[in-house]
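All remarks here apply to the structure that follows.
Read-outs: derived from the displayed coordinates by stated rules, not from any lab. None of these values were measured; they are calculated from a predicted model. Cβ: placed from backbone, ideal geometry, glycine included. Neighbour counts: every protein chain shown.
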Amino acid sequence: MKSESFRKLSPLDRVLLFIVALIALAADQISKVLVQTNIPLGMTVPIAPFLTPYLTFTHVQNTGAAFSLFQNANWFFIIVATLVAGLIVYYTPRLPPGDKLSRAALGLQLGGAVGNLIDRLRFGYVTDFIHLQVPEIGFDWPVSNIADICIVSGVILLIAWSALQERAQQRAQAQQEQQSQQTTQETAGE
């Protein structure tokens, strides 16, 4: 049964989640294949001389979650990724018509979740390769991949957009209350 709000969605609102998810998924899977075929496991390769040592490609296999936490919990992460993907697909059509930023942010998260899920199902691990570090201050970010970046970017976008919408709603409500008080005062003064 299609909900009333789904019928009000524009064609772009209906497909944006999947367009963004497919782009994120393609970028993730292509980059992982390139790393797997061109960089031996455990090897670090500079991207460009001016980026070294701050940003390099280091080919690793991660059986855990983000930041290599909870190693060897593959089935748990398969279940979580499947549930998250299902919830995103279920929830997105219920967003207000025209809320393209939320749909795009959820598309990034969906593409990233499915990208890492494919790795877990095919190999039992996720291929990570993006290594960010600043040795001068001892900063060494865990090796990640395009899927991880999509998930984190989607979450940040969704939180920021929600905060901006809430702030705008609070301002509109305050203006409405102020106008109501003015009207009441003008009526009382007559």
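The table below lists the values:
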item	result
Acute angle (nearest 10 degrees) that the helix 146-189 long axis makes with the longest principal axis of the chain, alpha-carbon atoms	10
Sum of side-chain charges, Leu16 neighbourhood, beta-carbon under 13 Å (Lys, Arg +1; Asp, Glu -1)	+1
Rel. contact order, % - alpha carbon contacts under 8 angstrom, at least six apart, the chain	27
Mean Cβ neighbour count within 10 Å, used as a protection proxy, ranking 146-152, 76-82, 157-163, 24-30 highest first	146-152, 24-30, 76-82, 157-163
Per-peptide average of other Cβ atoms within 10 Å, ordering 38-45, 97-104, 125-132, 138-145 highest first	125-132, 97-104, 138-145, 38-45
Angle in degrees between helix 11-38 and the longest Cα principal axis of the chain, rounded to the nearest 10	20
Charge tally in the Cβ shell below 15 Å around Arg103, where Lys, Arg are +1 and Asp, Glu are -1, Arg103 excluded	+2
Summed residue charge, Cβ within 13 Å of Asn62's Cβ, Lys/Arg positive, Asp/Glu negative	-1
Kirkwood estimate for the stretch 4-189, i.e. one over the average of 1/r between Cα atoms, Å	19.0
Simple Cβ-charge dipole of the chain, Lys/Arg +1 and Asp/Glu -1, about Cα centre, in debye nearest 20	700
